[in-house]
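The values are calculated or read from the model by the stated rules, or taken from the named source; none is laboratory data. All of these numbers come straight from a predicted model, not from anything done at the bench. For neighbour counting, all protein chains shown are included, and Cβ atoms are generated from backbone atoms with ideal geometry for every residue, glycine included.
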Amino acid sequence: MKRVMLIAAILFWTLLAVAQEPCKRVRANIPFPFQVEGTTLPAGQYEFCWNWNFSVTMKPMNAVLPSRYLRASAIDVSARPASAMLIFHEVANKYFLNEIHQPGTALVTMVVSSQEKGLPKMAVKDVEVEAKEGK
């Protein structure tokens with residue numbers, strides 16, 4: 001019984017430490033309207049923030065749009081991207097947010113929308129948008 005309680009306490013404190021870890025940030029000026037989780041958002045400056053719980057907060061830098069919570073499908077800490085950037089899939093003049101790169105921390109892959117899943121692979125081209133690490 002003591003062993004189970006000790007394991008539960010260790011697990012609790014580990015989860016609490018991960019939940020309180022400061023989020024990783026990337027800021028980018030996205031020059032085109034784009035889609036994320038089935039919603040089209042306007043061009044503009046955005047800040048993306050995430051920690052290891054597979055959720056991403058997307059905050060528009062203008063006061064008109066509210067912050068949104070997005071789902072990540074993977075966070076690959078072994079990828080270690082060389083530069084901060086966002087990767088979009090371009091299909092028929094529509095852009096879908098696919099990945100967030102932050103140097104030294106991780107590669108975040110977004111949940112793909114059902115619309116993007118149904119498109120043929122040959123029609124997809126990747127578009128890179130430079131970003132800056134946030135503080």
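The rows are residues; the columns are (1) farther than 14 Å from M110 by Cβ; (2) among the polar types (S, T, N, Q); (3) surrounded by 17 or more Cβ atoms within 10 Å (Cβ to Cβ); (4) at pLDDT 80 or above.
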residue	(1), (2), (3), (4)
E47	yes, no, yes, yes
A72	no, no, yes, yes
R80	yes, no, no, no
A84	yes, no, yes, yes
I87	no, no, yes, yes
F96	no, no, yes, yes
Checklist entry - Looking at the stretch 56-66, which of its residues are closer than 21 Å to H101 by Cβ and more than 10 Å from the chain's Cα centre (by Cα)? => result K59, P60, M61
Checklist outcome for this item: Being of a type in the set (G, A, S) and assigned to a strand (DSSP E or B) narrows A79, A28 down to just A28
